[in-house]
Amino acid sequence: MNMRNDDYRGFDGSFPEGTSQEGPGKAEPVHGGPNFGDTGQPNANAGTAGPYSSDAGAQEYGTGSYSQGWNQPRGGAEGADPSALGSQAPYPQGPQTQSFNTQGQEGPMVTPLPPQPEQKKKIGLGAATALAAVAAIAAGSIAGAVVGMNSGGGNNDTSVVNEALKAQPANNSTGKEPEKGSVEEVASKVLPAVVSIQTMTRTGGAEGSGSVISPDGYVLTNHHVVAGAEHGGVMQVTMNDGSKHDADVVASDANTDVAIVKIKDVKDLPFLQFGDSDSVAVGQEVVAVGSPLGLNATVTSGIVSAKNRPVRASQEGGESSLIDAIQTDAAVNPGNSGGPLVDRDGNIVGMNSMIASLSSNSTGEGGSIGLGFAIPSNFAKRMADELINDGKVTHPTLGVKVLARDDGNGARIAGVEPGGPADKAGLKEGDIVTRVNDRLIENADALIAAARSQDFGATVTLEVTREDSDEPRQVEVTLSGE
């Protein structure tokens, strides 16, 4: 199973078999990302591995991978070296993977969604028509042979079929008022506020989706969709009516894969409202909207398959993003990145950001298999607020570092920040966190994601065990900012 990502950023958190992950530099700070130390800045000596890292002697799985985002790279000259694309190159150092230990059961490994030349990646209606024409020609030749065999002396009266063809079309939903909460009604409400985003550099580009969140043109999307425009590229958005506008990146955050874009010189745009992702229920019907493979204004539907899925994927500069995702079976594909996942009232409950694919070839095409992952709207809204007003984001923190090793039995504390929230609560190195409130914690990423999803100053109850004891204890910790 592959988790696909178009915009490869060179992250490699895998450990060679037989290499211990418990030494210095193998711990993950809860308040930052995989490469963040106490300062919240990238640190080569802190947290270089995510939970998708194999324990000593663990099997490396090659059956699939996670990838982040579905922005769609559009290359320059065919066959050009991707490393020559500068800041937009999706694979500056070639595909890399990240294995993880799941106690003998297959699991995904982190790999990027491969780049494709525009003519292969973007499927236009002309191509679809051409394929249909070829099929029609082939079918016609076969049908002609059959007719020829049966035409000799047969009854050629076409009056009956002609009468059937003259009948008026049967009534259907077209022209009727859509039912409240139907996919048709949701699509009519949401589509005008969803845009296609194109970023261009000197040698290539990328394409994704976004949600207009204010009438003056602020757009919520993924960091990996607009990363090229942040490094000397240009950006353009296409509205649902086909109009095109220039846009700028306001701010973005690679660790959470959230970005804000501002469309230039617009007003009174249709926009989407945020729903309450905490209230979303497993089994609830949802609708995904975006521009998969360059096909603007595509609508698919499904359900919420699961909540609180900690999923990590590569970003630029060796960083990675970690989201506490909503899982959905609504069909989403490369190009859907940054587009909304909405409820049946048309409110944003998530931002589509990752998919899983069965393709095990890092250079092959991946598509939807009904495993999509979206950033919850409550978290995305908080990130948007900070990016617009502060130009950066901060996260609630426990003040601990945790081992990246994933044995499914909790998050093991590797270090406690003196004077931090965990230190004040009495947590020690070697403690194992197995729950945050009522949420089960299986590994380091689950603890990081659970902490990030809380509000600043929130008090959470941790279930903690000691290395030498199986007896859990309850510890209250008040989260602070980074």
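Residues of the stretch 433-481 being under 15 Å from GLY399 (Cβ atoms), of a type in the set (Gly, Ala, Ser) and surrounded by fewer than 13 Cβ atoms within 10 Å (Cβ to Cβ), which ones?
Matches in the stretch 433-481: GLY457, GLY481.
Those residues that are in contact (Cβ under 8 Å) with a residue 24 or more places away in the chain and of a type in the set (Ser, Thr, Tyr), I need them from the stretch 465-482; list them, please.
Of everything in the stretch 465-482, those that are in contact (Cβ under 8 Å) with a residue 24 or more places away in the chain and of a type in the set (Ser, Thr, Tyr) turn out to be THR465, THR478, SER480.
Across the stretch 403-415, which residue is modelled with the lowest pLDDT among those that are more than 17 Å from GLU463 (Cβ to Cβ) and not charged (D, E, K, R)?
So the residue we want is ALA404.
Do we find a residue being open to solvent by 20 Å² or more (accessible area, probe 1.4 Å), under 17 Å from LEU462 (Cα atoms) and out of contact with any strand residue (DSSP E or B) (no Cβ under 8 Å at 6 or more places or on another chain) anywhere in the stretch 386-402?
No, every residue in the stretch 386-402 fails to be open to solvent by 20 Å² or more (accessible area, probe 1.4 Å), under 17 Å from LEU462 (Cα atoms) and out of contact with any strand residue (DSSP E or B) (no Cβ under 8 Å at 6 or more places or on another chain).
Looking at the stretch 266-305, which of its residues are in a strand (DSSP E or B), more than 20 Å from SER214 (Cα to Cα) and open to solvent by 10 Å² or more (accessible area, probe 1.4 Å)?
Listed by number, the residues that qualify are GLU285, THR298, VAL299, THR300, SER301, GLY302, ILE303, SER305.
Check whether at least one residue in the stretch 249-262 is within 14 Å of VAL212 (Cβ to Cβ), open to solvent by 20 Å² or more (accessible area, probe 1.4 Å) and at pLDDT 95 or above, and report yes or no.
Yes - at least one qualifying residue is present in the stretch 249-262.
Just the residues that are within 28 Å of SER377 (Cβ to Cβ) and in contact with a helix residue (DSSP H, G or I) (Cβ under 7 Å, 6 or more places away or on another chain), please, taken from the stretch 453-475.
Matches in the stretch 453-475: SER453 only.
Among the residues of the stretch 217-231, is there at least one that is assigned to a loop (DSSP other than H, G, I, E, B), more than 30 Å from ALA306 (Cβ to Cβ), touching a Lys or Arg at 6+ places or on another chain (Cβ under 9 Å) and free of Cβ contacts under 8 Å to residues at least 60 places away in the same chain? I'd like the intermediate steps shown before the answer.
So in the stretch 217-231, the residues assigned to a loop (DSSP other than H, G, I, E, B) come out as 217, 222.
Still in the list and also more than 30 Å from ALA306 (Cβ to Cβ): 217.
Okay, now just the ones that are also touching a Lys or Arg at 6+ places or on another chain (Cβ under 9 Å), so 217.
Imposing the further condition that a residue be free of Cβ contacts under 8 Å to residues at least 60 places away in the same chain reduces the set to 217.
There is at least one residue in the stretch 217-231 that is assigned to a loop (DSSP other than H, G, I, E, B), more than 30 Å from ALA306 (Cβ to Cβ), touching a Lys or Arg at 6+ places or on another chain (Cβ under 9 Å) and free of Cβ contacts under 8 Å to residues at least 60 places away in the same chain.
Quick one: in the stretch 337-370, which of the residues that are of a type in the set (A, V, I, L, M) and open to solvent by 10 Å² or more (accessible area, probe 1.4 Å) is modelled with the highest pLDDT?
Per the stated criteria, the residue is ILE369.
Six or more apart or on different chains, Cβ under 7 Å: which pairs go from a residue in the stretch 292-312 that's more than 14 Å from VAL349 (Cβ to Cβ) to one that's hydroxyl-bearing (Ser, Thr, Tyr) and in a strand (DSSP E or B)? Could you list them?
PRO292/THR298; ASN296/SER196; ASN296/THR238; VAL311/TYR66; ARG312/SER320; ARG312/SER321
Evaluate the stretch 117-128: report whether one residue or more is over 23 Å from the mean Cα position of the chain (by Cα), more than 30 Å from GLY233 (Cβ to Cβ) and either open to solvent by 30 Å² or more (accessible area, probe 1.4 Å) or modelled with pLDDT under 50 (or both).
No, there is no match, as no residue in the stretch 117-128 is over 23 Å from the mean Cα position of the chain (by Cα), more than 30 Å from GLY233 (Cβ to Cβ) and either open to solvent by 30 Å² or more (accessible area, probe 1.4 Å) or modelled with pLDDT under 50 (or both).
Every residue in the stretch 371-385 that is open to solvent by less than 20 Å² (accessible area, probe 1.4 Å) and either assigned to a strand (DSSP E or B) or out of contact with any strand residue (DSSP E or B) (no Cβ under 6 Å at 6 or more places or on another chain) (or both), please.
Of everything in the stretch 371-385, those that are open to solvent by less than 20 Å² (accessible area, probe 1.4 Å) and either assigned to a strand (DSSP E or B) or out of contact with any strand residue (DSSP E or B) (no Cβ under 6 Å at 6 or more places or on another chain) (or both) turn out to be GLY372, PHE373, ALA374, ILE375.
The values are calculated or read from the model by the stated rules, or taken from the named source; none is laboratory data. These numbers come from a predicted model, not from an experiment. As a convention, Cβ positions derive from the backbone with ideal geometry for all residues, glycine included, and neighbour counts pool all protein chains shown. Each accessible area value is taken on the protein alone, full model and side chains, heavy atoms only, with ligands, DNA and RNA left out. Shrake-Rupley method; radii C 1.70, N 1.55, O 1.52, S 1.80 Å.
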